[in-house]
Ligand code: PRP
Ligand code: URA
């Protein structure tokens, strides 16, 4: 299922990120803040369990999270979404997938993987600001399914219809969350209007 988080605060911050004159510092800060706002909505249906606790005043029955959360950023750009979500879920574990997209073929290439052992029973949030052709997200989800992950959500900032379709076709069981669904991909596989190369803008590499 695709959820596009149309919220004035999220869209305002994303607009700042889209502007070509926005520098690394403001780009990262807005990404951090959007990540936190998105986490709130992405976590809306997390499983909870009832527990009975003692407050200083009385005993009561309340709920707490029933499953561990694992954040899995796709390197590099996915790292930009980790802090904002981790601030809200400080008990989350973090795994890493290193993938880069070949600029000619647009095919993803794996160069790193490190996961917590708890992934099979956890709710796994795969993080990447950009969902373009969907090749990287589809490959990343395959990698974590091979390690036994069953509950998986894909959290991206900007998506293209082509990428959404690719993930929905390959992994119909994975919920997709976007801050914006853009128009199309250009001939170089960039999202239009998009925000350019997310990794380069986060890390100042261009
Ligand atoms: C970007 C982006 C995604 C991927 C999206 O990463 O962060 O991972 O491209 O494209 P796709 O949907 O067509 O696969 P990139 O390969 O540029 O690496 P980087 O994060 O290290 O810059
Ligand atoms: N990766 C990016 O960083 N931006 C795009 O528009 C497409 C892929």
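So in segment 134-158, with the set limited to residues that are within 12 Å of ligand 1 (Cβ to nearest atom) and over 22 Å from residue 38 (Cα atoms), which one is surrounded by the most Cβ atoms within 10 Å (Cβ to Cβ)? So the residue we want is 135. Check whether at least one residue in segment 110-117 is more than 14 Å from ligand 1 (Cβ to nearest atom) and out of contact with any strand residue (DSSP E or B) (no Cβ under 7 Å at 6 or more places or on another chain), and report yes or no. Checking segment 110-117: at least one residue is more than 14 Å from ligand 1 (Cβ to nearest atom) and out of contact with any strand residue (DSSP E or B) (no Cβ under 7 Å at 6 or more places or on another chain).
When only residues in segment 160-183 that are closer than 19 Å to residue 19 by Cβ and free of Cβ contacts under 8 Å to residues at least 40 places away in the same chain count, which is farthest from ligand 1 (Cβ to nearest atom)? So, considering only residues that are closer than 19 Å to residue 19 by Cβ and free of Cβ contacts under 8 Å to residues at least 40 places away in the same chain, the one farthest from ligand 1 (Cβ to nearest atom) is 183. Considering only residues in segment 93-106 that are away from ligand 2 (no atom under 13 Å from the Cβ) and farther than 18 Å from residue 125 by Cβ, the one that is surrounded by the most Cβ atoms within 10 Å (Cβ to Cβ) turns out to be 105. Against the test of being surrounded by 12 or more Cβ atoms within 10 Å (Cβ to Cβ) and free of Cβ contacts under 8 Å to residues at least 12 places away in the same chain, the options 26, 32, 45 yield a single qualifying residue, 26.
Residue count for segment 1-23, restricted to those that are touching a residue at least 12 places away in the same chain (Cβ under 8 Å), closer than 17 Å to residue 130 by Cα and assigned to a loop (DSSP other than H, G, I, E, B): 2.
Laboratory data are not the source of any read-out in this text; all were calculated from the coordinates shown. Every value quoted in this text rests on a predicted model; they were computed, and no experiment measured them. Methodologically, a virtual Cβ is constructed for each residue, glycine included, from the backbone with ideal geometry; neighbour enumeration extends over all protein chains shown.
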